[in-house]
Every structure is written in structure tokens, then in C-alpha cells.
């Protein structure tokens, strides 16, 4: 229990922020990975995951496809998936699980902060691009 309190009372580690910014950028992806982490078998069926997460198969398949691209999850055959995260990601997933279990509001706030940082970054790039001088195209009239 002390471990969970330490995770929640301090700010999220850079590893957790990196994981959420780059690989598990939605609440659904985090929930999927947490379910796979806690799955008693090596693999878990998509049908069972859909039931546990209370989402439709097609929605879950889309989420799985996105997470598979990150290299954290691997899909077998038609209906089996497993967690294949590396040691750094597993540590961040454990931290995320503790945060999620103890304070869902803090987890949602972290996702919101990351999303706002991403929007601010895009806005700053767009603003900077507005001041980039571009060479005029020669239209052949002189």
C-alpha cells in the first residue's frame, strides 16, 4: 500500500509520461494494457477482454490494432492477444496501474495535461510556420 501512496503523492515519472504520450495516449489503450497485465494466462481472448472492458468487439479490435503498432501488445490468430512490453514500459505500466487504481481523477487529469501539451505544441508550430518566409513561385510574368 505504501508503494501506491508514493506513486500518487508524487508527480508521474518521466517514464509514465513518455508511455502515455507516445504509446498509450487514450484511456482505452491504458485500460486494455492493464487488463492484459493482470490476465492470469499468457494470452487473453479478445472476446473475454471485450466483456471485461464492456466495449464492442470492433471498438476493441481498433484499440488493439493501435496498441499492437506500439510494440506493447502482440496479437495471435484471430482472438488472442498478450502483453509483450519491455522492462521500462512494464515499470511505467505498473506505475500507471497504481495511479489508476488509487485515483482515477488523477489519471484523467494526467491524460488531459498531456493532451493540452500536445495541442499547445501544435499551436506553437503553426504560429512559427506563419512567420516562415517562403519563396514566391514564378508565374512566368516577370
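Please treat every number below as a calculation from the coordinates, not as lab data. Just so it is clear, the structure is predicted and the values come from calculations on it, not from any experiment. Backbone-built Cβ (ideal geometry, glycine too); neighbour counts: all protein chains shown.
Modelled spin labels at residue 106 and residue 78, positioned 7 Å past Cα toward Cβ, are 4.3 nm from each other. Measuring nothing but how far apart in sequence close Cα pairs (under 8 Å, 6+ apart) lie, relative to its length, segment 14-119 scores a relative contact order of 32 percent. Placing a pseudo-label 7 Å from each Cα along the Cα-to-Cβ vector at residue 125 and residue 13 gives an inter-label distance of 2.8 nm. Residues 83, 32, 99, ranked from the fewest to the most other C-beta atoms within 10 Å, line up as 99, 83, 32.
Would you please give the FRET efficiency between residue 54 and residue 114, computed as 1/(1 + (r/R0)^6) with r the Cβ-Cβ distance and R0 = 30 Å, to the nearest 0.05? Walk me through the numbers on the way to the answer.
On the way: r = 24 Å, r/R0 = 0.82.
That pair, residue 54 with residue 114, gives E of 0.75.
Length gained on full extension, residue 21 to residue 70, computed as 0.36 nm times the residue gap minus the Cα-Cα distance: 16.5 nm.
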